[in-house]
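Since the structure comes first, as structure tokens, the remarks are kept for the end.
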Amino acid sequence: MQARNLGEIKTESCHCPLCHGISVVLIHCLGDQREVKPKMPCPCRSGKEYEECCKAYHTGLISPPSPILLMRSRYSAYALGLATYIMETTHPQHPEAQKNHWQWREEILAFSRGTEFLDLDVLSSEESDDTAFVTFSVSLKQGNKEVSFTEKSRFEISEGLWLYKDAEFL
């Protein structure tokens, strides 16, 4: 997976395992994201502005250097409707990565559109050379229903990048 700018339409071929070199796929990556306002707080709840926090990861300028930052950037991507980022930062051995990518993308977007992302709290993390665990709790709302949960996510390095492998709900 190569870091690349998803903030504009590119005509060059994509080299990620999801797109299989089809440059047209980059166009669909942009259509469903939520509006990002100037000086907006980052949805990952870091206390920083989005421009100074997760935006560089989401646009492909840089890759998150740690599992905690990857987890925070993924939470932020869900909140902003950045399905492509979620897909690209998921380990290829994850079950979702094995299914129809258009269907998976639509499921991510439906979840993002129908969910209010209220809070993220990192509870703990453990890291070894190529595997890490991050335990966190999120406060979410879908309609009038609270759907908050606590999760222990596993991350692994694949081709030099941290990727989300799987999780267990606690």
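What is the number of the single condition among (1) touching a residue at least 12 places away in the same chain (Cβ under 8 Å); (2) within 21 Å of C44 (Cβ to Cβ) that E146 does not meet?
E146 satisfies all of (1) touching a residue at least 12 places away in the same chain (Cβ under 8 Å); (2) within 21 Å of C44 (Cβ to Cβ) except (1).
Quick grid of which residues meet (1) surrounded by 11 or more Cβ atoms within 10 Å (Cβ to Cβ); (2) more than 26 Å from Q98 (Cβ to Cβ); (3) in contact with a strand residue (DSSP E or B) (Cβ under 9 Å, 6 or more places away or on another chain); (4) modelled with pLDDT under 95:
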| position | (1), (2), (3), (4) |
| --- | --- |
| S112 | yes, no, no, yes |
| L118 | yes, yes, yes, yes |
| D121 | yes, yes, yes, no |
| E126 | yes, yes, yes, no |
| A132 | yes, no, yes, no |
| T135 | yes, no, yes, no |
| E151 | yes, no, yes, no |
| G160 | no, no, no, yes |
| K165 | yes, no, yes, no |
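Looking at segment 69-82, I want the residues that are open to solvent by 20 Å² or more (accessible area, probe 1.4 Å) and have a partner that is part of a helix (DSSP H, G or I) and small (G, A, S) with Cβ atoms under 6 Å, at least 6 apart or on another chain. Which pairs are those?
Once the first residue is open to solvent by 20 Å² or more (accessible area, probe 1.4 Å) and sits in segment 69-82, its partners that are part of a helix (DSSP H, G or I) and small (G, A, S) give Y78/S112.
Sort through S153, S125, S139, S112 and tell me the only one that's under 20 Å from S46 (Cα atoms) and part of a helix (DSSP H, G or I). Break it down into steps so the answer makes sense when it comes.
Numbers: S153 fails: part of a helix (DSSP H, G or I); S125 fails: part of a helix (DSSP H, G or I); S139 fails: part of a helix (DSSP H, G or I).
After ruling out the rest, the residue left standing is S112.
Residue pairs, Cβ under 6 Å, 6 or more apart or interchain, first in segment 106-135 and without any contact (Cβ under 8 Å) to a residue 12 or more places away in the chain, second of a type outside the set (D, E) and crowded, with 16+ Cβ neighbours inside 10 Å. List them.
Sorted first by the residue in segment 106-135, then by its partner, the pairs are S124/T135; E126/F133.
Would you mind telling me which numbered condition in (1) more than 25 Å from N144 (Cα to Cα); (2) out of contact with any Pro (no Cβ under 8 Å at 6 or more places or on another chain); (3) assigned to a helix (DSSP H, G or I) S73 fails?
(2)
In the set S112, S124, which member is over 24 Å from G160 (Cβ atoms) and under 14 Å from the mean Cα position of the chain (by Cα)?
That would be S112, the only listed residue that is over 24 Å from G160 (Cβ atoms) and under 14 Å from the mean Cα position of the chain (by Cα).
The values are calculated or read from the model by the stated rules, or taken from the named source; none is laboratory data. Since this is a predicted model, take the numbers as computed values, not measurements. Reconstructed Cβ throughout: ideal geometry from the backbone, glycine too, with neighbour counts over all protein chains shown. To get the accessible areas, we keep the full protein, side chains included, count just its heavy atoms, and leave off ligands, DNA and RNA. Shrake-Rupley method; radii C 1.70, N 1.55, O 1.52, S 1.80 Å.
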